[in-house]
Amino acid sequence: MSYLIKPLGYKALLNLAQTEMGIKMIKDFFQQNLSSELRLRRVTAPLFVLKGMGINDDLNGTERAVTFPIKDLDDAKAEIVHSLAKWKRLTLADYQIESGYGIYTDMNAIRSDEELGNLHSLYVDQWDWERTMGENERNLEFLKEVVCRIYAAMVRTEYMVYEMFPEIKPLLPQHIHFIHSEDLLQMYPCFTPKEREDAITKEYGAVFIIGIGCKLSNGEKHDGRAPDYDDWSTVAENGQVGLNGDLLVWNSVLNRSLELSSMGIRVNKEALLRQLKETGTEEKKNLYFHKRLLNNELPQSIGGGIGQSRLCMFYLRKAHIGEIQASIWPEEMRRDALNAGMHLI
């Protein structure tokens, strides 16, 4: 069900031509900084993969992939990717990427089950990245180090935007705040997960919430996560569960938190078996990706996705993702958005 947030008195700071120029500059600048920070090389990625291989991302396990038959493969079904979480790890193995280095790519997807609104579109574009790591880096401190490197690239990009468009003042704090989802629950026990995200992000400006997918003390998860890529069940040295998380910033235009990235240390053999059992999906062990992982044919890795349109939306102080990307929207939303100062491309 679509839902439109209409910020009172909203007026875009940039016209259409300036917006397109800003999008181009942000994408070029940020990906170069991301590549340098994490030592990533760019690779070409697929738009679709064969169904039944276990390569496509299941997201929360309920979203339907867009599928189509392939005539020259006896009508075998292909799926538009949801993300490239597992494809990237296969690519690290096939390209024999050494520890400490990795890959990134432009990921384009169609998510037909999205509830359309200011932050959600049928079209998803993000930088998907993956980096080979050693077993000794399988810990929370390494995860935090990588998050800080990504966040440093985000801070630099915001300052570049300010130099280009002085009317857009920098908002990001110099350092990102880390908090575990269980500690966040204890801080705001009566709030929903989304309300907790808004409260902590408004206080700190930029937050990384650790432990997405694991069950909390109230028996619920902060948010869902597929069991076969992020490791959300390993117990860290500090006793907390999870080696993954979400990066959020405070969106002053919409007056709420904005998730820009989801990332984590990936499952090893033990974590995969544990999480498949916990989610009742042990039949996945027979799929192509899972067999290769269980046969120790895939490297240990850390990876994630960073939303391109959302990043540009934040930097250019836009109220709707449709002001950044071309997509399909309900006519009523287009009309209401335009009346509220949001020109949807």
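The values are calculated or read from the model by the stated rules, or taken from the named source; none is laboratory data. These figures come from a predicted structure and were not determined experimentally. Cβ: placed from backbone, ideal geometry, glycine included. Neighbour counts: every protein chain shown.
Before moving on, here are some points about what is shown:
- Test for Lys202: is it exposed (fewer than 13 other Cβ atoms within 10 Å of the Cβ), touching a Phe, Trp or Tyr at 6+ places or on another chain (Cβ under 8 Å) and either among the aliphatic types (A, V, I, L, M) or not in a strand (DSSP E or B) (or both): no
- Matching entry among Ile302, Ile321 (being under 24 Å from Tyr95 (Cα atoms), β-branched (Val, Ile, Thr) and either surrounded by 19 or more Cβ atoms within 10 Å (Cβ to Cβ) or within 20 Å of the chain's Cα centre (by Cα) (or both)): Ile302
- The residues of the stretch 273-312 that are under 30 Å from Val161 (Cα atoms), touching a Leu at 6+ places or on another chain (Cβ under 8 Å) and assigned to a helix (DSSP H, G or I), listed by number, are Arg310, Leu311.
- Per the listing Glu145, Glu237, the residue uniquely touching a residue at least 24 places away in the same chain (Cβ under 8 Å) and surrounded by fewer than 15 Cβ atoms within 10 Å (Cβ to Cβ) is Glu237.
- Where Ser233 falls short, out of the listed (1) hydroxyl-bearing (Ser, Thr, Tyr); (2) assigned to a helix (DSSP H, G or I); (3) touching a strand residue (DSSP E or B) at 6+ places or on another chain (Cβ under 8 Å): (2)
- On the stretch given as the stretch 30-48, residues that are buried (at least 18 other Cβ atoms within 10 Å of the Cβ) and not aliphatic (A, V, I, L, M) total 5.
- Residue satisfying condition, being assigned to a helix (DSSP H, G or I), β-branched (Val, Ile, Thr) and closer than 16 Å to Val49 by Cβ, within set Thr91, Thr105: Thr91
- Asp74 vs. criteria more than 30 Å from Met154 (Cα to Cα), exposed (fewer than 15 other Cβ atoms within 10 Å of the Cβ) and not β-branched (Val, Ile, Thr): yes
- A single entry from Met313, Met333, Met263 fulfils the requirement of being at pLDDT 95 or above, farther than 20 Å from Gly102 by Cβ and of a type outside the set (Val, Ile, Thr): Met313.
- Scope the stretch 247-278; condition β-branched (Val, Ile, Thr) and either touching a strand residue (DSSP E or B) at 6+ places or on another chain (Cβ under 6 Å) or closer than 25 Å to Glu135 by Cα (or both); matching residues: Val249, Ile265, Val267
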